[in-house]
Amino acid sequence: MTVTNSDQATSDRFPRELVRRLLDNYRGKTLDHAPGPMTEPATVFTDPVRFQKELEVLFHGGAHIVGWTGELPKPGTYITKNVAGHPVLVTRAEDGVLRAFRNACTHRGAQVADGCGEARRLTCPYHAWSFELNGDVAGQPQAYAFSDIEKSTLGLQALPVADVAGLIAVGLSDDVDPVAAFADIEPQLRWCGYETHEIVCQHTWTLKANWKIAFDVNLESYHVDYLHRETLSNLVLHNPIYDSFGKHARWGFPTVGTERVVDLPEEHWPPTMPVSIVHTLFPSVVLLETPVSCQMFRVYPGRNVNECTVDLTEASLKPIVNEEDREARKRGADFAALVVGTEDFPTAEQCQRGAEIGLTNFNFGSNEPMLQHWHRTWQNALDNA
Ligand code: FES
Ligand SMILES: [Fe+2]
């Protein structure tokens with residue numbers, strides 16, 4: 001069933017249907033479970049042959065959420081992203097159309113843009129070929145030297161791209177359909193209002209851990225009272241809900257303050273209830289909806305089975321209008337970065353060491369249904385490739 005805001009005031013931050021389930025779990029001192037535990041061989045985190053197949057099937061042959069359409073708020077804007085080691089350029093040209101390209105100059109491959117901004121044309125730093133935001137080549141110093149090459153073949157190479165409920169979905173190979181890739185979960189994302197999000201800041205980590213171990217730290221609240229006892233344990237309550245939508249999944253948890261609203265009649269609920277909802281999108285993106293912001297984690301494999309990168313981008317829900325708001329959002333992001341950077345990720349590296357020294361299995365409890373979902377989903381995708 002698709003969650004909507006149709007039965008409530010449009011000012012509500014979270015769909016009431018999800019809030020009701022979270023409050024039910026809180027009242028019942030329970031959580032959504034999987035039918036039983038699941039065992040995963042530790043070699044899935046260490047096997048270089050499997051790693052190569054994951055690169056091909058899950059990453060280089062797939063579609064990926066790379067950001068929010070709010071990052072390209074008007075014609076004449078562009079952003080660049082690293083997507084599983086692929087430099088990607090996304091533009092909104094004067095015609096307002098969203099486009100994606102390999103960020104590789106058609107002269108000799110250098111990246112034609114860096115960061116993000118507004119521009120009429122993008123100029124490659126190597127020999128100054130320039131490109132329109134629609135990809136057409138616009139200028140070439142000493143163009144006579146290339147006059148035998150049909151100019152229309154020298155435009156930037158396009159990638160499949162789609163607006164999925166305000167998220168930018170990009171295919172890394174030409175035959176990928178980014179709309180179909182997220183169709184199972186797209187209706188569930190519409191309440192999030194991604195098209196108005198504005199990025200506040202970004203953090204990037206390189207870890208000595210398999211990408212799946214880094215992703216897994218985002219999938220359960222079981223560890224919060226222990227690993228995060230000095231930071232998050234006073235905020236996050238262990239009464240999560242869980243749902244899957246094809247390859248994708250959602251979970252959520254109540255947060256501190258639930259004790260003050262749990263017995264209120266619904267008509268007295270405040271517009272922002274104290275919960276968080278987490279969407280996890282195939283193959284490796286996490287979107288955390290907090291009461292005041294949205295955080296996007298993009299987890300990618302590194303060059304080897306035991307390396308990965310994690311990008312965390314923090315967005316405000318609406319465009320920021322004053323510096324006070326910006327500072328408040330930035331403080332939130334810095335706190336999140338501190339927690340994951342000093343608590344979750346060092347632990348992920350420890351888990352990787354555990355796998356590498358010959359541990360036989362990882363065990364996912366019935367209280368960790370998201371981990372079970374993701375490990376089954378990745379395995380199915382590899383088996384069906
Ligand atoms: S590589 Fe871009 S102009 Fe030469
Ligand atoms: Fe954590």
Next item on the list: Please find, in a Gaussian network model of the chain (springs between Cα atoms separated by less than 10 Å), the residue of Gly365, Gly61, Gly28 whose mean-square fluctuation is greatest.
Entry: Gly28
Next item on the list: Take the solvent-accessible surface of the protein heavy atoms, probe 1.4 Å, and return the percent of it on the chain that carbon and sulfur atoms account for.
Entry: 51
Item checked: Fluctuation leader among Pro265, Pro37, Pro87 - the chain, Gaussian network, Cα springs under 10 angstrom -> Pro265
Next item on the list: Enumerate the whole-percent occupancy of each 5 Å bin, from 0 to the last occupied one, for all C-alpha pair distances of the stretch 233-385.
Entry: 2, 7, 12, 17, 21, 17, 11, 7, 4, 2, 1, 0
Next item on the list: Take the alpha carbon atoms of the stretch 28-69, find their center, do the same for the stretch 280-324, and report the distance between the two centers in whole angstrom.
Entry: 17
Notebook entry, point to check: Across bins of 10 angstrom width beginning at 0, how are the C-alpha pair distances of the stretch 261-333 distributed, in whole percent?
Noted result: 16, 34, 29, 16, 4, 1
Next item on the list: Counting only GluC sites (Glu not before Pro) that are in a DSSP loop and have at most 13 other C-beta atoms within 10 Å, tell me the longest site-free stretch of the chain.
Entry: 231-385
Margin query: With a 10 Å cut-off between alpha carbons and a GNM built on the chain, which of Asp114, Asp95, Asp148 moves the most?
Written below: Asp148
Checklist line | Dipole axis of the chain (+1 Lys, Arg; -1 Asp, Glu on Cβ), positive-most option in Leu287, Thr43, Tyr26 | finding: Thr43
Next item on the list: Set Lys and Arg Cβ to +1 and Asp and Glu Cβ to -1, take the dipole of the chain about its Cα centre, and tell me which of Cys192, Val275, Ala337 lies farthest positive.
Entry: Ala337
Next item on the list: Leaving ligands, DNA and RNA out of it, work out the accessible area of Tyr126 with a 1.4 Å probe and give it in Å² to the nearest 10.
Entry: 130
Checklist line | Cα-centre dipole for the chain with unit charges at Cβ (Lys and Arg positive, Asp and Glu negative), debye to 20 | finding: 380
Next item on the list: Summarise the long-distance tail of P(r) for the stretch 100-171 by giving the % of C-alpha pairs beyond 17 Å.
Entry: 46
Check: Got a sec? Charge dipole of the chain, +1 on Cβ for Lys and Arg, -1 for Asp and Glu; which of Ser147, Tyr242, Ile357 is way out at the positive end?
Finding: Ser147
Checklist line | Value of Rg/Rh across the chain [Cα atoms, Kirkwood radius] | finding: 0.99
Notebook entry, point to check: Excluding ligands, DNA and RNA, what is the solvent-accessible area per residue of the chain at a probe of 1.4 Å, expressed in Å²?
Noted result: 44
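The values are calculated or read from the model by the stated rules, or taken from the named source; none is laboratory data. Remember, predicted model here, so these are calculated numbers, not experimental data. Heads up, the Cβs are rebuilt from the backbone with ideal geometry, glycines too, and the neighbour counts pull from every protein chain shown. The protein model used for the area step is the full one, side chains on, heavy atoms only, and it has no ligands, DNA or RNA in it. Shrake-Rupley method; radii C 1.70, N 1.55, O 1.52, S 1.80 Å.
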